[in-house]
1. Determine, yes or no, whether residue 100 is open to solvent by 50 Å² or more (accessible area, probe 1.4 Å) and out of contact with any Lys or Arg (no Cβ under 8 Å at 6 or more places or on another chain).
2. Between a first residue in segment 343-367 that is touching a residue at least 40 places away in the same chain (Cβ under 8 Å) and at positive phi and a second residue that is surrounded by 12 or more Cβ atoms within 10 Å (Cβ to Cβ) and part of a helix (DSSP H, G or I), which pairs have beta carbons less than 7 Å apart while being 6 or more apart in sequence or on different chains?
3. Determine whether segment 81-95 contains at least one residue that is open to solvent by less than 10 Å² (accessible area, probe 1.4 Å), among the small types (Gly, Ala, Ser), touching a residue at least 60 places away in the same chain (Cβ under 8 Å) and in a helix (DSSP H, G or I).
4. Condition test on residue 379, is it closer than 20 Å to residue 263 by Cα and without any contact (Cβ under 8 Å) to a residue 60 or more places away in the chain?
5. With open to solvent by 30 Å² or more (accessible area, probe 1.4 Å), hydroxyl-bearing (Ser, Thr, Tyr) and closer than 23 Å to residue 56 by Cβ as the only criterion, which of 247, 186, 182, 209 stands out?
6. Does segment 272-287 contain at least one residue that is closer than 14 Å to residue 184 by Cβ, open to solvent by 30 Å² or more (accessible area, probe 1.4 Å) and of a type in the set (A, V, I, L, M, F, W, C)?
7. Just checking, how many residues over segment 189-203 are buried (at least 17 other Cβ atoms within 10 Å of the Cβ) and touching a helix residue (DSSP H, G or I) at 6+ places or on another chain (Cβ under 7 Å)?
8. When you scan segment 256-266, do you find a residue that is farther than 19 Å from residue 174 by Cα, not in a loop (DSSP other than H, G, I, E, B) and not hydrophobic (A, V, I, L, M, F, W, C), even just one?
Amino acid sequence: MSERARWHRRAALVPLAYLAGLVIVALAHPWLPAWRWLAMHLLLLGAVTNAVLVWSAHFTSAILRLPAPAHRRADVAQLAVHNAGVVAVLAAGVTDRPWLGVAGAVAVFAAVLSQLIWLARRLRRAVPSRFAVTVRYYLAAATALLTGIPAGAWMLVVDDDTRPRLLLFHAHVNLLGWVTLTVLGTLLTFWPTVLRTRIADGAVAASRTALPAAVTGLVVLAAGLLAWWPVLAAGGLLLFTVAAGLTAVPAWRAGRAKPPASFAAWSIAAAGGWLFAALLLDARILLTANSSAQAADRFSTTLTPFLAGFVAQVLLGSLAYLLPMALGGGPSAVRHRTAILDRHAAQRVSMSNVALAVFLLPVGPYVRITTSLLVLAALVQFLGAAARVLHTARR
C-alpha cells in the first residue's frame, strides 16, 4: 500500500468512528443527557468536519496541481488538535462543564484557522486554474465556521435573552456556511466525476456567479438573525437559496446526460433535494415565528431534513466514491471496493429517504420510532460496508 493510501485509510477511520458513535447515541438516547445536541455535534463537528479538513485539502491539491506533501506530520497535528477539541466539546455538553467546552472550541478554531491559512497560501502561490473557484468556496466556508465557533462557545457559558438569536446564528452559519458552501464548491468537479460524465456547459461560470451571491446571502441572513429582523434574515436565506440553485442547474444537466447509477450518486442526488426542502422550510419558520425564541424552538424541525437528509447523505455518498479511489490498488481493486459499497444501494437509499419523509409527517410516536430505526439501519449498513472496504485495503 502506498503512503498516500495509508494516509487516507487512517484518515477515513476518524469520521467513520464518529458515525459509529452516532449509532450508539441513537440506540442509547433514553439514558443520555442532551442526546440530540450530542448526536448533532458527533455528525457535524466530528464526522463532517474531519472529512472536510482531509478532503478539501485533497481537492485543493488536485485542482491547483500541487505536488503531494513529503510527509503528513502537519496534517496529523491538525487532526489531533481538532479531535482533542471535539472530544472536549462533547464531554462538556454531556457533563455540564462549560469551560471545558470553551477550551475545546479554541482547539477546533485553531485547527480550522490552520486550514484557512493553508488554503489561502496555496491559492496565492498556484498557477491560474479554471477550477480555482472551488478553493474560494473552501476559504469562504472556513471563514464562516471561524465566525460561528465563538457564538457556540459563548452559549456554553452564558444563558440570557440573546441565546435564541445566537443559537440561530450559530446553526445557520455552520450549516450553510461551513457545510453547504463546501459541498457547493466541491460538486463543480466532483459530481460529474461521480457520474462519470463531463462537466456541463456553464458550470464554472455558474459557480463563480453563485459564490458572491451565497456569501452575501449568508451575511445578510446572519445579520438579520442577530438583530432579529426576520424579513431581512429570510431575504438573505432566499439569496443563498438562489445561489445554491445556480450551481444545481448544471448539476441537473449532468445528471440528465448520465443518470445516477451508484450508491454514491443517488445519495448525493437525494441530499440535494433535501437541501432545498430544508431551506424552504427554514424560510417559512423565520417568516412565521413571533419571536427569536419561537424560531429557535421551531428550528429543530428544520434540523432533521438538514442533517439526516442533506448532510448525512452527502457525506456517505462522497465517502462511498472517494474511499475506493483513495485506497489505491489499481482498477480491479477500486471496482471491487466500489461493488462492496454499492451492495443493496437501491434498498438503502430508498429505505432511508422514504423513512425520513414519513418521519417528517404528522404521524404517531410508534411510526416515528420505526422510521428513525430504518434510517439508522441504512447508516449501519453503510458502516459495515465501509469497514469491509478498509479491511480489504489493509491486506
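The values are calculated or read from the model by the stated rules, or taken from the named source; none is laboratory data. Just so you know, these numbers come straight off a predicted model, no measurement behind them. Here Cβ is always computed from backbone atoms with ideal geometry, including for glycine, and neighbour counts include all displayed protein chains. Side chains are part of the model used for accessible areas, which takes the heavy atoms of the whole protein and leaves out ligands, DNA and RNA. Shrake-Rupley method; radii C 1.70, N 1.55, O 1.52, S 1.80 Å.
1. yes
2. That search, which allows pairs on different chains as well, returns nothing.
3. yes
4. For residue 379, the condition - closer than 20 Å to residue 263 by Cα and without any contact (Cβ under 8 Å) to a residue 60 or more places away in the chain - is not met.
5. After applying the criteria, what remains is 209.
6. Yes: one or more hits.
7. Going through segment 189-203 one residue at a time, the tally reaches 8.
8. Yes, that holds for at least one residue.
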